[in-house]
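Comments concern the structure below.
Bear in mind that the values in this text are calculations on the coordinates, not laboratory data. Quick caveat, the model's predicted, so the values are computed rather than measured. In this analysis, Cβ positions are derived from the backbone assuming ideal geometry, glycine residues included, and neighbour counts consider all displayed protein chains.
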Amino acid sequence: MTKIAENLAEVRRRMAEAARAAGRDPAEVELVAVSKVQPATAVEEALAAGQTVFGENRVQEAKGKFPDLRESHPALRLHLIGPLQTNKVKEALGLFDVIETLDRPKLAKALAKEAAKAGHCPDCFIQINTGEEPQKAGVLPGEADAFIAEARALDLPIVGLMCIPPVDEEASLHFAFLREIARRNDRGGAPLALSMGMSGDYETAIRFGATLVRVGTGVFGPRPVKAVPADPAGP
Ligand SMILES: *Cc1c(COP(=O)(O)O)cnc(C)c1O
């Protein structure tokens, strides 16, 4: 077994255990393996171990890695988990099955327009800035209900909500908050999915209702850091 296969088995085991401990069906929770910065060979290893859903945070990087992988693995599904610029919407439509970071009216309108042209639209999650952090993307909680309604009125397939809690706060408060926003915006039938939880807190997130967890380092190990160019002057 490769290290990535071992990690995947361990993450899946812990996810299932967390779900059962919360009285939930483990099949309700999907694992998105966050492959940002990892080489395509790492994604291949995960695919070989049965993982089909991946997350990338940059359009450019996804474009470099995934078209080839898709060709050899038709079941592969790719989620965008990083901010999307409106000038990259068209490109994103061709690359991603799910966009988890819909976060402003301008982007919603651009996406609706391009989706109409393309004749298909990725499933969308609305990112909520639950911690109201100025440097973080996402709709402010006070604007969430109006924005969800606006995105639905544009006929975008809004399937869920996503959040990234502040690093220095109790994540569970943010998970519970996101779940509340989802509940009050539920239109019956298919409840909104919840994308929350990363390597450090996915079990907690599952306890609070996550239906999708985004795990990077827990699956692939530490992200490679860019090599520092050698000093041309030499030692
Ligand atoms: C990088 C990233 C993750 C994965 O983080 P890990 O701590 O490596 O699991 C999850 N979600 C988003 C939005 C990310 O950018």
Notebook entry, point to check: If you take the beta carbon distance between Arg187 and Lys3 as r and set R0 to 41 Å, what does 1/(1 + (r/R0)^6) give as a FRET efficiency, to the nearest 0.05?
Noted result: 0.45
Next item on the list: Can you check how the C-alpha radius of gyration of segment 93-176 compares to 2.2 N^0.38 Å, as a plain ratio?
Entry: 1.13
Checklist line | Cα centroid separation, segment 101-167 to segment 47-86 (Å) | finding: 20 Å
Note to self: Using only the alpha-carbon atoms of segment 1-154 as identical scatterers, what base-10 log of I(q)/I(0) does the Debye formula give at q = 0.12, 0.14, 0.17 Å⁻¹?
What the structure shows: -0.60, -0.81, -1.08
Check: How large is Rg/Rh for segment 116-235, to two decimals, with Cα atoms and a Kirkwood Rh?
Finding: 1.12
Next item on the list: Place +1 on the Cβ of every Lys and Arg and -1 on the Cβ of every Asp and Glu in segment 132-192, take the dipole about the Cα centre, and give the residue among Phe175, Ala190, Leu156 whose Cα lies farthest towards its positive end.
Entry: Ala190
Notebook entry, point to check: For the chain, what is the calculated [θ] at 222 nm in deg cm²/dmol (nearest 500), taking -39500 (n - 2.57) for each run of four or more DSSP H residues and dividing by its residue count?
Noted result: -13000 deg cm²/dmol
Notebook entry, point to check: So what's the net charge close to Phe220: Lys and Arg +1, Asp and Glu -1, counting the other residues with Cβ under 10 Å from its Cβ?
Noted result: +2
Checklist line | Only Lys, Arg (+1) and Asp, Glu (-1) charged, at Cβ; the chain dipole about Cα centre in debye | finding: 440 debye
Notebook entry, point to check: Residue farthest toward the positive end of the dipole of segment 104-146, with Cβ of Lys/Arg at +1 and Asp/Glu at -1: which of Pro122, Ala137, Ala110?
Noted result: Ala110
Next item on the list: Considering only Phe96, Phe54, Phe177, give the residue with the highest GNM mean-square fluctuation for the chain, with springs between Cα atoms whenever their separation is below 10 Å.
Entry: Phe177
Note to self: Net charge around Leu69, counting only other residues with Cβ within less than 15 Å of its Cβ (Lys, Arg = +1; Asp, Glu = -1)?
What the structure shows: -2
Check: Which FRET efficiency, nearest 0.05, do Lys90 and Arg152 yield, Cβ-Cβ r, R0 25 Å?
Finding: 0.65
